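Notes for the one structure printed next.
Values in this text are rule-based calculations from the coordinates and carry no lab data. All of these numbers come straight from a predicted model, not from anything done at the bench. Neighbour counts run over all protein chains shown; Cβ positions are idealised from the backbone, glycine included.
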Amino acid sequence: MSDSTFDVIVLGCGGFGSASTCHLARRGLRVLAIDRFSPPHDQGSSHGETRIIRKAYFEHPDYVPLLKRAYQLWDELSHLTEESRSLEEQKLFVRCGLLLAGPSTGEVITGARQSAQQHQLTLESMTAAEAVRRFPMLRISDELETVFEPDAGFLWAERCVAAHLHDAAGHGAQFAFNEAIKDVQFGSNNVTVRTSEGTYSAACAVVTAGAWTGQLLPEYKEWIQVKRKILYWHPISNSAWADPTQAPAHLFEFPGSGRQFYGFPSVDGRTVKLAEHTGGDFVADPSSVDRMVRSEEGIGVSDYANRCLSGVLGTATRSAVCMYSMSPDSHFLLDRLTHVPVVVAAGFSGHGFKFTSVLGEAVADLVTNGQTSLPIDFLSSRRLLSRQM
Ligand SMILES: Cc1cc2nc3c(=O)[nH]c(=O)nc-3n(C[C@H](O)[C@H](O)[C@H](O)COP(=O)(O)OP(=O)(O)OC[C@H]3O[C@@H](n4cnc5c(N)ncnc54)[C@H](O)[C@@H]3O)c2cc1C
């Protein structure tokens, strides 16, 4: 790389790093994005084909205004970068709808209804029997309530990372990929980064290192715990799984246990992707996460397929290990540090991908203006400091 001095260096270039790099480069800043691998890759948290996107956010209504902006930005990015994708890879965002099922008092149904009501979102309520008539690939027991969000769907995760990077490159961003960050020195108004290949400096840095955030910023180590998560692909015996009007994206919460399972329509005509959102084992070092999947680990998801889905075989033919970076309260950590010129976006707790577009914009605002008009105050780590007192 000829240049070694930049306005901003982005440390880690997965979902959030690629979006931040794109928004920073669009503002005319000289940006360098560094990653140990060559994104999009399958070693962090932003791989495995698809990610659910929805607005009736059961985790908290405060996320909804950010989601409205995220939707606009995904549509804009799709439009801006569609020429760079082949015909089979045209779409970033598929609005296939999302069916939520769970107990009436559970987190999912209660929270989705609250967000929809507070922000005037379309959320169709129906009985379990009505839902099964409409979506015959789902099996829903009468004890569960169901709601359908027609404007929800899924993002093609790796394509989104690639699209942000493509747009960033078009605006002059530079990349140092396949370079591991070995050491970062934070001064009061500059940052120096040493990698396996060279040394770079900038007026400020953005830390978007996912599961590795605590290794680059020790003060975040205690706040981010890394969980090993598994995605499964199950064969289908009914081609209706490729038709979202019969088989939309789905997320079930089970009474008593509170366990949450989810899945997608078939994107390849042969399998569907399924996973459990709850559960997962904590790992000490994300670089040595166990990527071997043992057959007994798939029992919960197989049971979900057998009980709640029609025309899906119980045994997976493919799996992939991914990581959740859990914050203490499962809400995101988005901060502009005061003692050093650093913006951090971390702790996305297994539900962050849909926000990469809008929080990339927020990161660029924080770097360029020191503030943003996007409503992100509730994501500041200040809330964790007050919990500790
Ligand atoms: C199984 C699974 C399912 C999910 N489902 C959904 C969903 O349906 N909807 C949703 O919205 N979200 C979902 N999420 C969450 C979402 O995918 C994550 O929140 C998001 O991808 C996190 O992106 P990130 O940029 O923080 O991390 P990453 O994409 O992992 O990026 C971090 C990057 O930093 C780089 N890096 C770290 N340390 C170094 C270093 N020392 N040197 C160089 N590079 C370094 C890594 O190589 C990596 O590329 C899911 C996550 C998983 C794992």
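Quick notes
- Calculated FRET efficiency, residue 110 to residue 185, Cβ-Cβ distance, R0 = 45 Å: about 0.45 to the nearest 0.05.
- Each of 146, 21, 192 was scored by other Cβ atoms within 10 Å of its Cβ. Arranged with the fewest first, they read 192, 146, 21.
- Selection from 341, 121, 199 lying farthest towards where the dipole of the chain points positive, charges on Cβ: 341
- Applying 1/(1 + (r/R0)^6) with R0 = 30 Å to the Cβ-Cβ distance of residue 5 and residue 83 gives a FRET efficiency near 0.35.
- For the chain, built as a Gaussian network whose Cα springs stay under 10 Å, the top-fluctuating residue of 373, 239, 266: 373
- Positive contributions from Lys and Arg (+1) and negative ones from Asp and Glu (-1), summed over other residues with Cβ under 11 Å from the Cβ of residue 359, come out at 0.
- Springs between Cα atoms under 10 Å define the GNM used for the chain, and in it the highest mean-square fluctuation of 218, 235, 328 occurs at 218.
- The calculated FRET efficiency for residue 178 paired with residue 129, based on their beta-carbon distance and R0 = 45 Å, is about 0.25.
- Residues whose amide H falls under 5 Å from that of residue 179, counting only those 5 or more places apart or on a different chain, are 35, 36, 37, with hydrogens built in the peptide plane.
- A simple spin-label model places the labels of residue 76 and residue 242 3.5 nm from each other, with each point 7 Å out along Cα-to-Cβ.
- Packing, as the average of other Cβ atoms within 10 Å across residues, places the peptides 91-102, 355-366 in the order 355-366, 91-102, highest first.
- Dipole in debye (nearest 20) - the chain, about Cα centre, beta carbon charges: Lys, Arg +1; Asp, Glu -1: 100 debye
- In order along the stretch 340-356, the Karplus-derived 3J(HN,Hα) couplings, from 6.51 cos²θ - 1.76 cosθ + 1.60 at θ = phi - 60°, round to 9, x, 9, 10, 10, 10, 7, x, 7, 6, x, 9, x, 4, 4, 8, 4 Hz, and Gly and Pro are given as x.
- Dimensions of the stretch 272-311 along the principal axes, based on C-alpha atoms and rounded to the nearest Å, stand at 38, 18, 17, largest first.
- For the chain: relative contact order, % (alpha-carbon pairs under 8 angstrom, 6 or more apart): 23 percent
- Cross-link reach list, lysines versus residue 55, counting only Cα pairs under 28 Å and skipping chain neighbours closer than eight places: 68, 91, 227, 229, 273, 354
- Estimated [θ] at 222 nm from DSSP helical runs (n ≥ 4, -39500 (n - 2.57)) normalised by residues in the chain, nearest 500: -7500 deg cm²/dmol
- Charge context of residue 291, other residues only, Cβ under 11 angstrom, K/R +1, D/E -1: -1
- Relative to the current alpha-carbon distance between residue 169 and residue 303, full extension at 0.36 nm per residue lengthens the span by 43.8 nm.
- Size descriptor, Kirkwood hydrodynamic radius, that averages inverse alpha-carbon separations across the chain, Å: 21.4 Å
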